[in-house]
1. Pick from ILE43, ILE17, ILE55: which is at pLDDT 90 or above, among the β-branched types (Val, Ile, Thr), touching a Ser or Thr at 6+ places or on another chain (Cβ under 8 Å) and under 22 Å from GLU87 (Cα atoms)?
2. So which residues in segment 28-43 are over 16 Å from ASN90 (Cα atoms), of a type outside the set (S, T, N, Q) and crowded, with 17+ Cβ neighbours inside 10 Å?
3. Would segment 10-25 turn up any residue that is of a type in the set (Gly, Ala, Ser) and loosely packed, with under 14 Cβ neighbours inside 10 Å?
4. Checking the condition assigned to a helix (DSSP H, G or I) and either open to solvent by less than 60 Å² (accessible area, probe 1.4 Å) or in contact with a Pro (Cβ under 7 Å, 6 or more places away or on another chain) (or both), which residue from SER54, SER50 passes?
5. So HIS89 clears everything in (1) open to solvent by 50 Å² or more (accessible area, probe 1.4 Å); (2) modelled with pLDDT of 95 or more except one condition, right? Which one?
6. Residues in segment 9-41 that are on the phi > 0 side of the Ramachandran plot and either assigned to a strand (DSSP E or B) or free of Cβ contacts under 8 Å to residues at least 12 places away in the same chain (or both): how many?
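The values are calculated or read from the model by the stated rules, or taken from the named source; none is laboratory data. All values reported here derive from a predicted model rather than from experimental measurement. Neighbour counts are summed over all protein chains in view; Cβ atoms, including those assigned to glycine, are modelled from backbone coordinates with ideal geometry. Each accessible area value is taken on the protein alone, full model and side chains, heavy atoms only, with ligands, DNA and RNA left out. Shrake-Rupley method; radii C 1.70, N 1.55, O 1.52, S 1.80 Å.
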Amino acid sequence: MAQVSVEENSVKIKGNIKSIDDYLTVKNSLQELVDSGYRSIDICFLDSVSITSSIIGYMLKLINIDKIELTVAAGDKKLITLMEELELHNVFSVREL
């Protein structure tokens, strides 16, 4: 199960996001920041090697519909490679931790 922590406009995720519960935890954490008025959010995937399509879809919604400036930091090279293969590297402003 993924562990999610929130500090200011940053969401840190430790572990792989695999289940619906993991997705809902991450989604709710991000939505709380949006509802609090943050227009720029940093997401750190500390050690995830992949993320689910539902998380990707929600992050795209934040960018395209809610006009949130989203940046992603990844601690595992495999996640960065995945983002590049999906051509989402620039969309999410992906960088290595």
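1. Within the list ILE43, ILE17, ILE55, the selection yields ILE43.
2. Selection gives LEU30, LEU33.
3. Scanning segment 10-25 turns up at least one residue that is of a type in the set (Gly, Ala, Ser) and loosely packed, with under 14 Cβ neighbours inside 10 Å.
4. From the options SER54, SER50, the qualifying one is SER54.
5. For HIS89, the exception is condition (2).
6. 1
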